[in-house]
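Working notes for the structure below.
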Amino acid sequence: MAKIRSLDLDIREYMLKLGIQGRKASRELSRASTKSKNHALLTIASSIREAADVLKTQNGLDLVAGKAKGLDAALLDRLELTDSRIEAMAEGLEQIANLSDPVGEVNNMRYLPSGIQVGQMRVPLGVIGIIYESRPNVTADAAGLCLKSGNASILRGGSEAFHSNQAIAHCIKNGLKNAGLPAEAVQVVETIDREAVGQLITMTETVDVIVPRGGKSLIERVSEEAKVPVIKHLDGICHVYIDGEADLKMAEEIAVNAKCQRYGVCNAMETLLIDSSIAKIILPILEQRYDAESVELRGCEKTLAILPTINSASIEDWDTEYLAPILSIRVVEGVDEAMDHIHKHSSNHTETIVTENYTTSSRFLAEVDSSSVMVNVSTRFADGFEYGLGAEIGISTDKIHARGPVGLNGLTSQKWIVLGTGQVRV
């Protein structure tokens, strides 16, 4: 069996140990006060800022190894820890500390004819396993959200970010220790062996939910093999539709930002839909803007008639998440055809309409079935930090339990509580 570095345990025994420790820590966390959880979060944030140079040094080791392995530009971008991203990790933890603690909230209390009071109380899920790739900032985001929502977490980052994740884990342990909370409340897996993932997603006795964050192959594997419930999304095939009644300058800026602000993220636009009535006006302008950003354009026949020098879009392009400077463009005949395209090709992540017509925007909001639907704003805002959640543990395109960016409430459940004065059922 594969051995854990410096530990005389095989992978199965090691993961079982993490699960048992996590279950014990989750019970302690369920008793923790909001004050102690917030104290831990703020201390972790301070520790991350103080360790910025160490984090960048360890991240540098991962970047060198990633380049040697031939990781593409999008993955290297996800992997890199810059000063601004380190600061964003700290700010995210501080935002979480400032959010209301959902644990213990009681709502919908009401008296019934029998005299009993019935309501619901918000409670932690328990132990959350999070499997992710590339982005080391997920280590801090996930730890903070799980901690504030009273959940213990077992974090398994990708091998490409091993040194970065372990350095962030050290900051997290400092914060937990300082607040008097169990160190096992957040456990970062210390092996890159893929067997650890296989064990984690089947540990039904000690893990309550799995959240995979990464490429399609990872999420497909977790979804197919997991015995533990999974919160997930597979693709981020996001659309921007520019309506015939759009403010064209606004549409231009949104279309450029949604594609170019950052390529290797799930909320970047992959397909641009444009109403035929304004296509000849705005497409040449957008071609110049995208050319300045070195974005490859792939268009439908109607698009090619206006922009004859760009590439032709294939059937596969409409169903592809590029995570790269590539954009598919289709000219449509109004909002109905735009929504038909979205319903057929969307991954149900995020869609935006740019229009000045209230009736059209209302229809788009009501009829497009994605986890985030927007009007006159870039798809890049489909993010927990931008939604005021402090950070997000992932984005769910499922419809049960949690949908869209998963913040504190998405990491809790509700149980029924009943209060009485001695009633017995007859």
Handout entry: Fully extended contour minus Cα-Cα distance, from LYS177 to ALA324, at 0.36 nm per residue
Key = 48.8 nm
Problem - Rounded FRET efficiency, nearest 0.05, which uses the C-beta distance separating GLU301 from ILE281 and R0 of 25 Å - result: 0.85
Problem - Helix 11-29 vs. the chain, principal-axis angle (Cα, 0 to 90°, nearest 10) - result: 80 degrees
Handout entry: region 305-351 and region 212-232: distance between their alpha carbon centers, rounded to Å
Key = 26 Å
Exercise for the section: Select from region 326-420 those trypsin sites (Lys or Arg not before Pro) which occupy a DSSP coil region and have at most 13 other Cβ atoms within 10 Å, ordered by residue number. Expected result: LYS399
Problem - 222 nm mean residue ellipticity, helices alone, for the chain (DSSP H n ≥ 4; -39,500 (n - 2.57); rounded to 500) - result: -13000 deg cm²/dmol
Exercise for the section: Arrange the peptides 302-308, 90-96 so that the one whose residues have, on average, the most other Cβ atoms within 10 Å appears first. Expected result: 90-96, 302-308
Handout entry: Qualifying GluC sites (Glu not before Pro) for region 307-348 [loop in DSSP, other Cβ within 10 Å: at most 12]
Key = GLU333
Exercise for the section: Rounded to the nearest Å, what's the spacing between the alpha carbon centres of region 388-426 and region 44-98? Just the number, please. Expected result: 31 Å
Practice task
Using a/c under 1.5 as the rounded threshold, could you call region 172-221 rounded, prolate or oblate? The axes a ≥ b ≥ c are square roots of the C-alpha gyration tensor eigenvalues, and prolate needs a/b larger than b/c, oblate otherwise.
Solution key: prolate
Handout entry: Helix 216-225 vs. the chain, principal-axis angle (Cα, 0 to 90°, nearest 10)
Key = 40 degrees
Problem - GNM result for the chain, Cα springs below 10 Å: residue of ASN38, ASN348, ASN98 fluctuating most strongly - result: ASN98
Problem - Karplus-derived HN-Hα couplings along region 102-114 (A = 6.51, B = -1.76, C = 1.60, θ = phi - 60°), whole Hz, x at Gly and Pro - result: x, 5, x, 4, 10, 9, 6, 5, 8, 7, 10, x, 6
Problem - Amide N of region 84-110 lying under 19 Å from the label point, which is placed 7 angstrom from the Cα of ARG262 along Cα→Cβ - result: 84-96
Exercise for the section: Describe numerically, in nm with one decimal, the distance between label points set 7 Å from Cα along Cα→Cβ at ALA73 and at ARG31. Expected result: 5.5 nm
Completion exercise
Mean-square fluctuation maximum in Gaussian network of the chain, Cα pairs under 10 Å, restricted to SER30, SER372, SER100, hits SER100
Problem - Additional length obtainable on full extension of the chain from GLU87 to THR57, 0.36 nm per residue less Cα span - result: 9.2 nm
Fill in the blank from the handout: Rounded to 0.05, the calculated FRET efficiency for the beta carbons of VAL375 and LYS399 at R₀ = 30 Å is 0.90
Completion exercise
Note, region 79-86: 3J(HN,Hα) by Karplus (6.51, -1.76, 1.60, θ = phi - 60°), whole Hz, Gly/Pro = x, goes 6, 5, 10, 8, 4, 5, 6, 5
Exercise for the section: Hey, can you grab everything whose amide H is under 5 Å from the amide H of SER413? Only 5+ residues off in sequence or another chain; H modelled, so Pro and N-termini drop out. Expected result: VAL123, LEU125
Exercise for the section: Within region 240-302, list the GluC sites (Glu not before Pro) lying in a DSSP loop whose Cβ has at most 14 other Cβ atoms in a 10 Å radius. Expected result: GLU293
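When ranked by the protection proxy of mean other Cβ atoms within 10 Å per residue, highest first, what sequence do the peptides 61-69, 214-222, 21-29, 158-166 form?
158-166, 21-29, 214-222, 61-69
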Completion exercise
The simple spin-label model distance between GLU386 and GLN166, using points 7 Å out along Cα→Cβ, in nm, is 3.5 nm
Handout entry: Percent RCO, i.e. relative contact order, over the chain, from Cα pairs under 8 Å lying at least 6 residues apart
Key = 19 percent
Fill in the blank from the handout: Taking a crude spin-label model, label points 7 Å out from Cα along the C-beta direction, the SER114 to ARG289 distance in nm is 6.1 nm
Problem - Difference of contour (0.36 nm per residue) and Cα-Cα distance, ARG194 to GLU337 - result: 47.1 nm
Handout entry: Karplus (6.51, -1.76, 1.60) ³J(HN,Hα), θ = phi - 60°, over region 273-288, in Hz, Gly and Pro reported as x
Key = 10, 10, 5, 4, 5, 10, 4, 5, 7, 8, 4, x, 5, 5, 4, 5
Exercise for the section: Answer with a single label: of (i) 176; (ii) 144; (iii) 221, which was calculated as volume of the Cα convex hull per residue in Å³ from the structure in view? Expected result: (i)
Practice task
Enter the per residue convex hull volume of region 260-399, computed from alpha-carbon coordinates, in Å³ rounded to the nearest integer.
Solution key: 118 Å³
Completion exercise
Bridge orientation stat for the chain from DSSP, antiparallel percent rounded to 5, came to 30 percent
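Values in this text are rule-based calculations from the coordinates and carry no lab data. Just so it is clear, the structure is predicted and the values come from calculations on it, not from any experiment. Ideal geometry is used to build each Cβ from the backbone, glycine not excepted, and the neighbour counts take in all protein chains shown.
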